[in-house]
Amino acid sequence: MQRKHLFALIAILLIATMALAACGGAKATEAPKPAEKPAATEAPQATEAPKEEAKPTEAPKEEGVKPADEIVVYNWSDYVDPEMYGMFTEQTGIKIGEDNFSSNEDLLAKLQGGATGYSVIVPSDYTVAIMIEEGMLAELDHDNIPNLKNLDPEFTKLYYDPGNKYCVPYLWGTTGIGYNTELLENPPKSWKGIFEAKEDDPWFGRMTLLDDVREVFSAALIYLGYDNNTQDEAQLEEAKNLLIKAKKGVSGYDNDNYEDLVGSGENLLAHGWNGDFLQAADEYENIDYYIPEEGGTIWIDNMCIPANVTPEQKLAAEMYINFVLDPKVGDMLGEYNYYATPNKASLEIADPEYKDNPLVFPPPEIRAKLHFIKPLGEFESVYQRLWDEVKSAQ
Ligand code: SPD
């Protein structure tokens, strides 16, 4: 059984037992009072943990608040090492379930729509900025997350959350093109081959784009030589028209199965996230990934706690975040998923094959061509309107 399918099965069983308490049943509609500060916890020797064992996560000795028995993580699909949840339960007694979203916009819409029961969510950088602005996130109690000291200092000064007041980086990655190496010898080096594909290009009609407004517009804007966060409506109109014309060569918009469709040969290439292709390459052994010559996007996904959790859920969520920041656990997570860890202590014990992989940790010449998607406030709705026009065009 493919590991993603095995994990899906485990996740379904866990979620089935927790479904009532989670999205539907949990009554956590009020913003909770922030958890009281626990009595001083001992600084764990996390960086010295041997590679074989993760340091157990203990409940902070907090008076009054006990961690919830169960939490649900709302995450992207295939974005955890399935062993991690069992390890966390073994260490803490807290059961953990997972529900999935496919894009930042879906996550945002779900929480804006009043969903409750999620204790940890995993939004990307620009979405964190939106959620902080809208008061949707709880402030983290750093006393409950001593493993924060393992983060690379670069990840403590992020523009969207300086000092990690609300969120802790989970994994980071890039967006580019993955292709089937058996069926396609020469994939297009430029985004031109994607957005202006010709009918006799072998990938014409056999490629997908992400179903993600800001990612797709970023790729089109980068190809056109514009800022991928532009608010210039003429540039955006040009990008929209390019995307509409490109539709004839595109077989669909997909965030969840695009890498399998490339691996199986149904499609020849796809726009997508580096680690997804690299995980699929383990199964299919015929997938490679690259950033087109004009560049691509770079992003950081983060563990955050919604503002509507109970104090008990918040404490359990902080324990989970602390667990993920353990050097060994952070290393398992990064290596399993082929995404880059922001955890310096994890990198110190990581396999060279992982930390020296330029498709996971891009070298400076590629980094120089990567752009973050930025929050645009009210202007996000212009992108959304143009995206709707792209999606509905015949
Ligand atoms: N399968 C997990 C993919 C996670 C991708 N998150 C990146 C979002 C960037 N906009």
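Only the coordinates and a few stated rules stand behind these numbers; no lab work does. Predicted, not measured: the structure shown is a model, and the values here were computed from it. Positions of Cβ are generated from backbone atoms using ideal geometry, with glycine treated the same way; all protein chains shown enter the neighbour counts.
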Once phi for every residue in the range 218-223 is put through the Karplus expression 6.51 cos²θ - 1.76 cosθ + 1.60 (θ = phi - 60°), the whole-Hz ³J(HN,Hα) values, with Gly and Pro written as x, are 4, 4, 5, 5, 5, 4
Set of aspartates and glutamates near residue 248 by C-alpha distance (under 20 Å), chain-local residues within fewer than 8 positions excluded: 196, 199, 200, 201, 211, 212, 215, 237, 238, 266, 388, 389
Based on the Cβ-Cβ distance of residue 384 and residue 264, what FRET efficiency does E = 1/(1 + (r/R0)^6) give at R0 = 45 Å, to the nearest 0.05? 0.90
So, with +1 on the Cβ of K and R and -1 on the Cβ of D and E, and no other charges, what is the size of the charge dipole of the range 194-256 about its Cα centre, to the nearest 20 debye? 200
For residue 137, list long-range residues whose amide hydrogen, built 1.01 Å from N in the peptide plane, is under 5 Å from its own amide hydrogen. 307
Exposure proxy check: 339, 258 ranked by fewest other beta carbons within 10 Å? 339, 258
In Å, what Rg and Dmax follow from the Cα atoms of the range 105-198? 18.8, 57
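Taking Cα pairs under 8 Å and at least six residues apart, what relative contact order does the range 113-254 come out at, in percent?
On the way: 100 pairs, mean separation 29.7, N = 142.
With pairs under 8 Å counted, the relative contact order is 21 percent.
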What's the ranking of 156-169, 345-358, 300-313 by average number of surrounding C-beta atoms within 10 Å, highest first? 300-313, 156-169, 345-358
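How would the range 263-393 be classified by its alpha-carbon gyration tensor: rounded, prolate or oblate, with rounded meaning a/c under 1.5 and the a/b versus b/c comparison settling the rest?
Numbers: a/c = 1.77, a/b = 1.08, b/c = 1.63.
It is oblate, given that a/c is not under 1.5 and a/b is not larger than b/c.
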Using modelled backbone amide H atoms (1.01 Å from N, in-plane), which distant-in-sequence or interchain residues come within less than 5 Å of residue 100's amide H? 75
Quick one: which residues, 5 or more positions from residue 340 or on another chain, have an amide H under 5 Å from its amide H? H modelled 1.01 Å from N in the peptide plane, none for Pro or chain starts. 172
Roughly what would the spin-label model give for residue 282 and residue 256, points 7 Å off Cα along C-beta, in nm? 2.1
Over 25 Å between Cα atoms: which of 110/247; 157/369; 95/374; 66/110 fall into that group? 110/247; 95/374; 66/110
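Take the Cβ-Cβ distance between residue 245 and residue 143 as r, set R0 to 51 Å, and report the resulting FRET efficiency rounded to the nearest 0.05. Please report the intermediate quantities before stating the final value.
Values: r = 55 Å, r/R0 = 1.07.
Rounded to the nearest 0.05, the efficiency is 0.40.
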Calculate one ³J(HN,Hα) per residue across the range 269-275 by plugging θ = phi - 60° into the Karplus curve 6.51 cos²θ - 1.76 cosθ + 1.60, and present them in order as whole Hz with x for glycine and proline. 8, 7, 7, x, 8, 3, x
